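**Student:** My questions will all concern the structure given below.
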Amino acid sequence: MVSRVIPVDTFDLVIFGGTGDLARRKIFPGLYRRYLAGQMPPDSRIIGAARADLTPEAFRETVGAAIAEFVPKDRQDPAVIAKFLTRIDYVPIDAKGDGGWTALADIMRDGVVRAFYFSVAPALFGDLAERLHKHGIADGKSRIVVEKPFGRDLESAQALNAVLASHFSEKQIYRIDHYLGKETVQNLMAVRFANILFEPLWKSEFVDHVQITVAETVGVNGRGAYYDKSGAMRDMVQNHMMQLLCLIAMEPPYHFDPDAVRDEKLKVIRALDPVKPEDIVRGQYLPGGGEGGYLEHAENPASRTESYIALKVGVSNWRWSGTPFYLRTGKRLRARASEIAITFKAVPHSIFDDAKGWLENVLVIRLQPNEGINLMVMIKEPGPGGMRLMQVPLDMSFADALGVDAEDVSDAYERLIMDVIRGNQTLFMRGDEVEAAWAWADPIIDAWDARSTRPQGYDPGSSGPEDALMLMHRDGRRWREIKE
Ligand code: NAD
């Protein structure tokens with residue numbers, strides 16, 4: 001199947017933090033792939049802007065090296081890479097001073113889309129916003145893209161929103177959550193709102209529970225100091241997992257339109273119950289597998305920061321009251337796997353004697369690896385031997401079912417950057433959404449900060465702390481196996 005590529009308008013995209021890790025691993029490789037696909041107009045430009053005193057030639061070399069390292073070899077076309085690099089420029093800039101800003105102002109073109117990607121520490125967002133205005137570089141039509149973390153609590157998120165709002169309108173601000181750029185996450189909306197099949201069942205009457213899992217095999221190695229100030233709740237739950245929960249729980253928007261979608265997501269966040277202490281399990285990975293445990297990597301050897309969290313969340317509205325959402329995420333777990341599983345209730349009465357094969361329907365939305373959607377359905381076991389039942393997947397995986405080369409499914413970052421150029425905010429978080437999510441998360445974090453309990457230790461390569469299993473068993477349910 002050949003995917004359709006619709007070119008975007010010509011743009012000047014400035015990447016503040018263009019020499020940083022994110023730019024190297026995700027932004028430039030992603031932009032190259034859009035160029036290769038023919039989506040980036042050939043006269044568009046990408047301007048790196050960072051503290052390092054580099055010439056444009058030296059910067060192009062670093063971008064070329066990033067492409068060589070992070071783009072799959074069979075997508076590296078030397079002629080296209082050479083052309084792509086001619087579209088790249090560089091300006092050394094100081095976010096906290098006036099150095100470099102006039103040079104940047106001088107090279108920006110009129111009549112093209114101007115976008116500014118803040119791929120720098122959030123502490124610099126205010127400085128960048130202010131200087132873009134002071135030097136007349138941003139106008140009322142320019143867009144800014146801001147990275148996570150968007151605050152560490154409600155107060156800091158409000159402060160960030162206020163500083164950006166003093167120079168840009170909400171319509172100009174694109175808060176990235178790369179989970180929203182994933183193909184399957186968007187497909188979740190297509191499955192829900194473009195089919196009659198699921199929506200009538202999409203409520204507590206028919207859905208027993210929902211599980212959202214984001215499991216990683218890696219630890220915090222090298223990022224211990226940063227992570228220790230954050231933890232799984234701030235790093236994963238308040239943003240990525242909250243966004244996934246919203247897309248599952250939200251009402252159908254009246255139109256697939258940025259504010260219509262985001263209004264519905266906001267209503268979900270506001271309907272979340274406060275989480276009771278007994279519905280939360282926090283864990284820290286222990287040493288094992290030849291690696292140190294969490295505490296060996298954290299700055300504070302007595303740290304109580306969680307590298308794992310599981311929680312049971314209630315959504316108090318007509319649709320979901322009575323259907324729990326179980327969320328879990330952690331590092332150094334058995335496998336790298338992110339998925340959403342919607343488990344439907346069993347049929348009201350079984351007419352078959354074979355009760356042992358009696359399982360529920362589950363809709364599994366797989367985010368990584370192997371993005372795809374599977375619907376687990378019950379069928380008769382083939383062959384003679386009577387009426388025995390078995391559960392089989394109706395596989396809607398892209399790679400197999402749609403004949404799409406996995407490499408052609410664009411990465412979340414490149415898709416989201418193209419949305420910025422198109423001026424489509426549907427897959428970006430609005431300021432009030434982020435604040436509402438912190439307003440929900442803050443009391444949970446404050447409550448455990450106030451207690452002296454330590455997170456429960458768990459073995460690397462396991463599926464998390466014992467208490468997390470109990471969280472489900474207690475309710476007569478079980479977690480799905482974490483597997484790639
Ligand atoms: P990094 O430390 O690798 O790079 C920081 C960049 O900011 C460098 O280009 C540096 O030159 C520039 N910079 C720092 N101070 C500056 C100043 N005073 N003036 C101008 N430029 C300055 O950081 P990173 O890992 O690329 O992360 C960038 C942002 O993206 C952060 O907000 C981070 O939280 C977020 N983020 C990163 C990742 C990731 O995988 N690296 C993932 C998600 C979010």
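**Student:** Leaving ligands, DNA and RNA out of it, report the carbon-plus-sulfur percent of the accessible area of the chain at a 1.4 Å probe.
**Tutor:** 55
**Student:** Let's see if you can work this out: charge +1 on each Lys and Arg Cβ, -1 on each Asp and Glu Cβ, no other charges. What is the dipole magnitude of segment 272-396 about its Cα centre, in debye to the nearest 20?
**Tutor:** Its charge dipole is roughly 80 debye.
**Student:** Give me log10 I(q)/I(0) at q = 0.09, 0.10, 0.13, 0.14 Å⁻¹ for segment 221-366, Debye formula, one equal scatterer per alpha-carbon, no solvent.
**Tutor:** Each listed q maps to, in turn, -0.41, -0.49, -0.76, -0.85.
**Student:** Suppose the chain between Asp442 and Met390 were pulled fully straight at 0.36 nm per residue; how much longer would it get relative to their current alpha carbon spacing?
**Tutor:** That pair, Asp442 and Met390, stretches by 14.3 nm at full extension.
**Student:** Let me ask something additional. In terms of Cα to Cα distance under 18 Å, which lysines are near enough to Lys83, apart from those fewer than 8 places away along the same chain?
**Tutor:** Within the straight-line limit of under 18 Å, Lys83 reaches these lysines: Lys73.
**Student:** Ok, one more. Which Rg and Dmax, in Å, describe the Cα atoms of the chain?
**Tutor:** When restricted to the Cα atoms of the chain, Rg and Dmax are 23.7, 81 Å.
**Student:** Another question, if that's okay. What FRET efficiency comes out for Leu197 versus Val80 if R0 is 60 angstrom and r is the Cβ-Cβ distance? Round to the nearest 0.05.
**Tutor:** The pair Leu197/Val80 has a calculated efficiency of 0.90.
**Student:** Something else now. Please compute, over every Cα-Cα pair in segment 79-228, the percentage with a separation greater than 18 angstrom. Intermediate values should be presented prior to the final figure.
**Tutor:** Values: 8087 of 11175 pairs.
More than 18 Å apart: 72 percent of the Cα pairs in segment 79-228.
**Student:** Let me know the shape class of segment 173-217, please: from the alpha-carbon gyration tensor, a ≥ b ≥ c as square roots of the eigenvalues, rounded when a/c is under 1.5, otherwise prolate if a/b is greater than b/c, or oblate.
**Tutor:** Oblate shape, in that a/c is at least 1.5 and b/c is the bigger or equal ratio.
**Student:** For His133 and Val347 in one chain, what is 0.36 nm times their gap in residues minus the Cα-Cα distance, to one decimal in nm?
**Tutor:** That works out to 71.0 nm of additional length.
**Student:** Check which residues have an amide H placed less than 5 Å from Gly48's amide H, if you skip close sequence neighbours.
**Tutor:** Ile15, Asp89, Tyr90, Val91
**Student:** Under 1.5 on a/c is rounded, so check that first for segment 109-186, then, if it is not, pick prolate when a/b is larger than b/c and oblate when it is not; a ≥ b ≥ c are the square roots of the alpha carbon gyration tensor eigenvalues.
**Tutor:** Cα axes put segment 109-186 in the oblate bin.
**Student:** For a quick check: with amide H placed at 1.01 Å from N, whose amide H comes under 5 Å from Ser338's, ignoring anything fewer than 5 positions away on the same chain?
**Tutor:** Answer set, sorted by chain and number: Ala215, Leu367, Gln368.
**Student:** Toward the positive end of the charge dipole of the chain, about the Cα centre and with charges on Cβ (Lys, Arg +1; Asp, Glu -1), which of Ala105, Gly288, His349 goes farthest?
**Tutor:** His349
**Student:** Taking only protein heavy atoms and a 1.4 Å probe, what accessible area per residue, in Å², does the chain have with all protein chains in place?
**Tutor:** Details: 21180 Å² over 484 residues.
With all protein chains present, the chain gives 44 Å² per residue.
**Student:** Mind listing the long-range amide H neighbours of Arg388? Cut-off is under 5 Å, sequence gap 5 or more, other chains count too, H placed in the peptide plane at 1.01 Å from N.
**Tutor:** When sequence neighbours closer than 5 places are left aside, the close amide H contacts are Glu381.
**Student:** Let me ask something else. Give a residue-ordered list of calculated ³J(HN,Hα) values for segment 191-202 (Karplus: 6.51 cos²θ - 1.76 cosθ + 1.60, θ = phi - 60°; whole Hz; x for Gly, Pro).
**Tutor:** Karplus values, whole Hz, x for Gly and Pro: 4, 5, 9, 10, 10, 7, 4, 8, 4, x, 9, 7.
**Student:** Within segment 282-363, list the GluC sites (Glu not before Pro) lying in a DSSP loop whose Cβ has at most 13 other Cβ atoms in a 10 Å radius. Don't skip to the answer; put the middle values down first.
**Tutor:** On the way: sites: Glu291, Glu296, Glu299, Glu306, Glu339, Glu360; in loops: Glu299, Glu306, Glu360.
Loop-located and lightly packed - Glu299.
**Student:** Let me ask another. In sequence order, what are the phi-derived ³J(HN,Hα) couplings for segment 220-229 according to the Karplus relation 6.51 cos²θ - 1.76 cosθ + 1.60 with θ = phi - 60°, rounded to whole Hz, with x for glycine and proline?
**Tutor:** Listing the rounded values in order: 8, 2, x, 10, x, 5, 5, 5, 4, 8 Hz.
**Student:** Can I ask one more? Roughly how many debye, to the nearest 20, is the charge dipole of the chain about its Cα centre, given +1 on each Lys and Arg Cβ, -1 on each Asp and Glu Cβ, and no other charges?
**Tutor:** That gives a dipole near 280 debye.
**Student:** Output wanted: per-residue J couplings in Hz (rounded whole) for segment 453-470, from phi through Karplus 6.51 cos²θ - 1.76 cosθ + 1.60, θ = phi - 60°, x for Gly and Pro.
**Tutor:** 5, 9, x, 6, x, 9, 6, x, x, 9, 9, x, x, 3, 4, 5, 5, 5
**Student:** Which value, in debye to the nearest 20, gives the size of the charge dipole of segment 1-60 about its Cα centre, when Lys and Arg are +1 and Asp and Glu are -1 at the Cβ?
**Tutor:** Around 300 debye, computed over segment 1-60.
**Student:** Using Cα pairs closer than 8 Å and at least 6 residues apart in sequence, work out the relative contact order for segment 261-389, in percent.
**Tutor:** Values: 171 pairs, mean separation 20.9, N = 129.
Relative contact order of segment 261-389: 16 percent.
**Student:** Same structure, new question: For Lys134, list the lysines whose Cα falls under 23 Å from its own Cα; do not include residues on the same chain fewer than 8 positions away.
**Tutor:** The reachable lysines, counting only those whose Cα sits under 23 Å from Lys134, are Lys96, Lys171.
**Student:** Could you tell me what a quarter of the Cα convex hull surface of segment 243-317 works out to, in nm² with one decimal place?
**Tutor:** That works out to 7.7 nm².
**Student:** Does segment 20-103 come out rounded, prolate or oblate by the C-alpha gyration tensor, with a ≥ b ≥ c the root eigenvalues, rounded set by a/c under 1.5 and, if not, prolate when a/b is larger than b/c and oblate if not?
**Tutor:** prolate
The values are calculated or read from the model by the stated rules, or taken from the named source; none is laboratory data. The model shown is predicted, which means the values in this text are computed figures rather than measured ones. Glycine gets a Cβ as well: all are built from the backbone with ideal geometry, and neighbour counts include every protein chain shown. We work out accessible area using only protein heavy atoms, side chains counted, and drop any ligands, DNA or RNA first. Shrake-Rupley method; radii C 1.70, N 1.55, O 1.52, S 1.80 Å.
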